[in-house]
Amino acid sequence: MEEYQRKLLDRVSDKVIDLVVFLISLFRKGWREKNRSRISEWRLMFYALNRSPIGVAGLFIVLIFTFIGIFGPMIAPYKYNYFPIFENPDTYLSPPGKYYLLGSDHYGRDLLSLLLQGARTSLVIAIIVISIGVPIGITLGLIAGYFGGKVDEFIMRFTDVFLAFPPLILAIAFAAVLPERLSDLIQTNAYLRDFLLWVFALDRREAGNISRLLAVIIALAIVWWPGYARITRGSTLTEREALYVEAARAIGLPSRKIMAGHVLPNILGPILVYVTLDFGSVVLTEAGLSFLGLGATPPIADWGRIVYDGSQFFPNAWWLIIFPGLVVMLNVLGWNLLGDSLRDILDPKLRRSIEFKVKKTEKVSENE
């Protein structure tokens, strides 16, 4: 049995894996014993990630923004819809350090509080868009690659229709049309309205503006699945000819079980890398839509909208562009650094060179 040199980050990742394994074992008895090799593989993958400075930096940035996205509205010094300008006109476009750490906007609102609130908006939109677009793309790609023939031709031509338009242009079209049609749905569906207000950490008075956020989510989800369909289809075309797939067919397993239980687990590597990179792309695209006036509307805080409002007062109120721009840049950079590192770790050939940095030269016997 090989022994590994463990650093501080390795011990932390071991604790995280132990927690995940414990939670899975609560619902699936005997899972730990049946998947010892898989658990060891997870540990080794984390050890490799911990020895990648780029990967650690990306993971650190991602965790910070995830924490801010979850708890930002709670730790913000002021509410996003608090307008100090009515109490103190001097807060109008006050520079950093005068009244607030990062300055204020033209409503006198604390920019730091707006950025913390905006982190929730970006995180929620990115999670929902990825959660909708990825399963659609994977499902269509699996069906197209596995069955081939006319099924493959129909799905791929349908995918090409979406790929023929630049994603941002198509998202702009949907985001401009959908809000009016979604407004009635939100007003008549109290459960949906309350859920969206809760997940975005908004007051009930913003119920009338929530349709614009929902429109952005739907618009991005509609244009986000084609890339996953392409990647999944290409990988499935290779895997469907493998011996383990032929063996599964020979014993009579239905196609859906072969695709979900055998093909999909073996093609998840490139998909996970693509998902990681796409989180940053969704944040950037969503900020772009808000900058164009198609996303959140004041007083709802959104990074792209803050930059747009700040552009009206540039260069005098430079902080309204510089600080939100840095936040968006760091968020996208973190996801890209993490995705680039995962690409090396999930590739068996590239990861082998990293594993040599993890393993000790000596070996210990099973009895030791």
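Data table
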{"quantity": "Cα convex hull of the chain - mean projected area over all directions, nm²", "calculated": "23.6 nm²"}
{"quantity": "Gain upon complete extension [Trp198, Val151; 0.36 nm per residue less C-alpha separation]", "calculated": "12.8 nm"}
{"quantity": "Computed E for Leu9/Ile64 - FRET, C-beta separation, R0 22 angstrom, nearest 0.05", "calculated": "0.90"}
{"quantity": "Two-decimal ratio, segment 113-179, of alpha-carbon radius of gyration to 2.2 N^0.38 Å", "calculated": "1.49"}
{"quantity": "Taking the chain and dividing mean pair separation by its residue count, relative contact order in percent (alpha carbons under 8 Å, at least six apart)", "calculated": "26 percent"}
{"quantity": "For segment 198-281, alpha-carbon Rg relative to the globular expectation (2.2 N^0.38 Å, N residues)", "calculated": "1.62"}
{"quantity": "Potential lengthening between Leu326 and Tyr99 on full extension [0.36 nm per residue; Cα-Cα distance subtracted]", "calculated": "79.6 nm"}
{"quantity": "Linear extension gain, Ile75 paired with Ile54, 0.36 nm per residue minus alpha-carbon span", "calculated": "4.7 nm"}
{"quantity": "Efficiency of FRET between Asn88 and Asp340 - r from beta-carbon atoms, R0 51 angstrom, step 0.05", "calculated": "0.65"}
{"quantity": "Alpha-carbon centroids, segment 198-259 and segment 145-176: separation in whole Å", "calculated": "13 Å"}
{"quantity": "Nitroxide proxy distance, nm - points 7 Å out along Cα→Cβ at Leu185 and Ala260", "calculated": "2.6 nm"}
{"quantity": "P(r) histogram, all alpha-carbon pairs of segment 100-249 included - 10 Å bins from 0, percent", "calculated": "10, 28, 27, 19, 11, 4, 1"}
{"quantity": "Signed unit charges on C-beta, dipole axis of the chain, positive-most listed residue Thr276, Gly293, Ala201", "calculated": "Thr276"}
{"quantity": "Kyte-Doolittle at least -1.0, axis length at least 15 Å by Cα - qualifying DSSP helices, the chain", "calculated": "8-27, 36-50, 53-75, 111-147, 149-163, 167-188, 210-224, 226-239, 268-291, 319-346"}
{"quantity": "Most fluctuating residue given options Leu111, Leu326, Leu214, as computed from a GNM of the chain linking Cα atoms under 10 Å", "calculated": "Leu326"}
{"quantity": "Lys pairs under 14 Å by Cα in the chain, provided they are eight or more residues apart or on distinct chains", "calculated": "4"}
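Any read-out appearing in this document is the output of simple, stated calculations on the displayed coordinates, not a laboratory observation. Just so you know, these numbers come straight off a predicted model, no measurement behind them. In this analysis, Cβ positions are derived from the backbone assuming ideal geometry, glycine residues included, and neighbour counts consider all displayed protein chains.
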